[in-house]
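The values are calculated or read from the model by the stated rules, or taken from the named source; none is laboratory data. All values reported here derive from a predicted model rather than from experimental measurement. For neighbour counting, all protein chains shown are included, and Cβ atoms are generated from backbone atoms with ideal geometry for every residue, glycine included.
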Amino acid sequence: MSILKSSLTRRTFTALAGAAMIAGLSPVASFAQDVTIPIIVKDTTSFYWQIVLAGARAAGKDLGVNVPELGAQAESDINGQISILENAVAGAPAAVVISPTEFKALGKPIDEAAKAVPIIGIDSAADSKAFSSFLTTDNVQGGRIAADGLAAAVKEMTGKEEGEIAIITNLPGVGSLDQRREGFLDQIKTKYPGFKVVADKYADGQATTGLNMMTDLITANPNLVGVFASNLIMAQGVGQAIAENKLGDKIKVIGFDSDDKTVGFLKEGVLAALVVQDPYRMGYDGVKTALAVSKGEKVEANVDTGANLVTKANMADPKIDALLNPKIK
């Protein structure tokens, strides 16, 4: 899926946020109109974030809360998300749920926002201590799970837990992605010393860049046996490169998150496994927690929403199937 770069001005984002807010109100018009909890995701065009929004939408219906669904059109649009946060807070909601696009850049805006309303974080961290609660995958552990999955796939292919491997990260400076990279590299270093990391690349948030990077890696590293593509967008791009070069039986790829394309790659053997989070729960419990905080109730400061390694062998298990095929309407 192509990810569009946004160059919208602050004025345009104000209009976008307003339009999104109106759209977000319509599904819950029959409920109480005095409690509004906007949810701000990184990228409204991504299937992953659509699942998050679906969870938030369901919580709004169940709890009788208005949940405007807000976000930019690309994870790389940091300034766009800051503008949307400022506009959302200006509307004096009961609380705000947000997944910060970038760790450093969102720190001060979240500090400022939290002076006015409670802020609930989901998925990715920010350089702020102002979150009332934070719900996310343990991304360091997610990286370790990916390393274990890659080691198992390479061993099944070659009989050994060794060889040249690479990691491709979607964007630099994103809390969740940095943590996945950290967990992956630490697990490789401490548990699988036979592997040599020959490339540690950062992309620009676009699947086509992941495709091009992977194509270059194939050419430059003929002995490559494995790759960790640390988010959905990179899994799409890397998977496409593996499919086009028919290398699924020679280079094992572990992706992160899922959509129809990556699940298709998994079924076809293009990808060896996917580390799958529970984005629906992040959205649902994010709104639920925000409502509790707005009422003055005590909530957990940090909640681990879990991660699972999905392979062709276990993808039909009921628990895994529910993660791969969430209800987004």
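Among the residues of region 124-145, how many are over 19 Å from Leu291 (Cβ atoms) and either assigned to a helix (DSSP H, G or I) or not β-branched (Val, Ile, Thr) (or both)?
Total meeting the criteria: 14.
Any residue at all in region 178-191 that is in contact (Cβ under 8 Å) with a residue 12 or more places away in the chain and hydroxyl-bearing (Ser, Thr, Tyr)? Step through it out loud before you land on a result.
Keep residues of region 178-191 that are in contact (Cβ under 8 Å) with a residue 12 or more places away in the chain, which gives 178-188, 191.
This time we only want the ones that are hydroxyl-bearing (Ser, Thr, Tyr), so: none.
For region 178-191, residues in contact (Cβ under 8 Å) with a residue 12 or more places away in the chain and hydroxyl-bearing (Ser, Thr, Tyr): absent.
What are the residues in region 313-329 that are within 18 Å of Phe256 (Cα to Cα) and either part of a helix (DSSP H, G or I) or touching a helix residue (DSSP H, G or I) at 6+ places or on another chain (Cβ under 6 Å) (or both), if any?
Selection gives Asn314, Lys319, Ile320, Asp321, Ala322, Leu323, Leu324, Pro326.
Confirm whether Asp148 is closer than 25 Å to Asp304 by Cα and among the acidic types (Asp, Glu).
Details: closer than 25 Å to Asp304 by Cα: yes; among the acidic types (Asp, Glu): yes.
Answer is yes for this residue.
Looking at Gly205 and the list (1) on the phi > 0 side of the Ramachandran plot; (2) at pLDDT 95 or above, which single condition is not satisfied?
Unmet for Gly205, out of (1) on the phi > 0 side of the Ramachandran plot; (2) at pLDDT 95 or above: (2).
Return yes when Ile165 is buried (at least 23 other Cβ atoms within 10 Å of the Cβ), over 30 Å from Lys196 (Cβ atoms) and in contact (Cβ under 8 Å) with a residue 12 or more places away in the chain and no when it is not. Show your work before the answer.
On the way: buried (at least 23 other Cβ atoms within 10 Å of the Cβ): yes; over 30 Å from Lys196 (Cβ atoms): no; in contact (Cβ under 8 Å) with a residue 12 or more places away in the chain: yes.
So Ile165 fails the test.
Kindly provide the set of residues from region 276-312 that are assigned to a loop (DSSP other than H, G, I, E, B) and either touching a helix residue (DSSP H, G or I) at 6+ places or on another chain (Cβ under 7 Å) or among the β-branched types (Val, Ile, Thr) (or both), ordered by number.
Looking only at region 276-312, we keep the residues that are assigned to a loop (DSSP other than H, G, I, E, B), and these are 277-278, 295-301, 305-307, 311-312.
Passing the criteria: Asp278, Val299, Thr305, Ala307, Thr311, Lys312.
Please state which of the following conditions Asp62 fails to meet, knowing it meets all the rest: (1) farther than 18 Å from Met282 by Cβ; (2) surrounded by fewer than 23 Cβ atoms within 10 Å (Cβ to Cβ).
(1)
Going through region 168-177 one residue at a time, which ones are free of Cβ contacts under 8 Å to residues at least 60 places away in the same chain and under 21 Å from Met214 (Cα atoms)?
Pro172, Leu177, listed by residue number.
For region 216-250, what are the residues that are within 24 Å of the chain's Cα centre (by Cα) and of a type in the set (Val, Ile, Thr)?
Answer for region 216-250, where residues must be within 24 Å of the chain's Cα centre (by Cα) and of a type in the set (Val, Ile, Thr): Val227, Ile233, Val238, Ile242.
Could you check, for region 71-84, whether at least one of its residues is in contact with a Ser or Thr (Cβ under 9 Å, 6 or more places away or on another chain) and over 23 Å from Ser128 (Cα atoms)?
yes
Here's the yes/no breakdown for (1) assigned to a loop (DSSP other than H, G, I, E, B); (2) within 19 Å of the chain's Cα centre (by Cα); (3) on the phi > 0 side of the Ramachandran plot; (4) surrounded by fewer than 24 Cβ atoms within 10 Å (Cβ to Cβ):
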{"position": "Asp43", "(1), (2), (3), (4)": "yes, yes, no, no"}
{"position": "Gln50", "(1), (2), (3), (4)": "no, yes, no, yes"}
{"position": "Arg57", "(1), (2), (3), (4)": "no, yes, no, yes"}
{"position": "Ser83", "(1), (2), (3), (4)": "no, no, no, yes"}
{"position": "Ala88", "(1), (2), (3), (4)": "no, no, no, no"}
{"position": "Thr101", "(1), (2), (3), (4)": "yes, yes, no, no"}
{"position": "Lys104", "(1), (2), (3), (4)": "yes, yes, no, yes"}
{"position": "Asp111", "(1), (2), (3), (4)": "no, no, no, yes"}
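Take the residues in region 245-260 that are surrounded by fewer than 17 Cβ atoms within 10 Å (Cβ to Cβ) and touching a residue at least 12 places away in the same chain (Cβ under 8 Å); name whichever of them is nearest to Val310 (Cα to Cα). Can you show your working first?
Filtering region 245-260 for residues surrounded by fewer than 17 Cβ atoms within 10 Å (Cβ to Cβ) gives 245-247, 249-250, 260.
With touching a residue at least 12 places away in the same chain (Cβ under 8 Å) added as a condition, the list becomes 245, 247, 249-250, 260.
Details: Asn245: 23, Leu247: 20, Asp249: 18, Lys250: 20, Asp260: 14 Å.
Per the criteria, the residue is Asp260.
Of the residues Gly269, Gly159, Gly173, which is among the small types (Gly, Ala, Ser), modelled with pLDDT under 95 and surrounded by fewer than 22 Cβ atoms within 10 Å (Cβ to Cβ)?
Gly173
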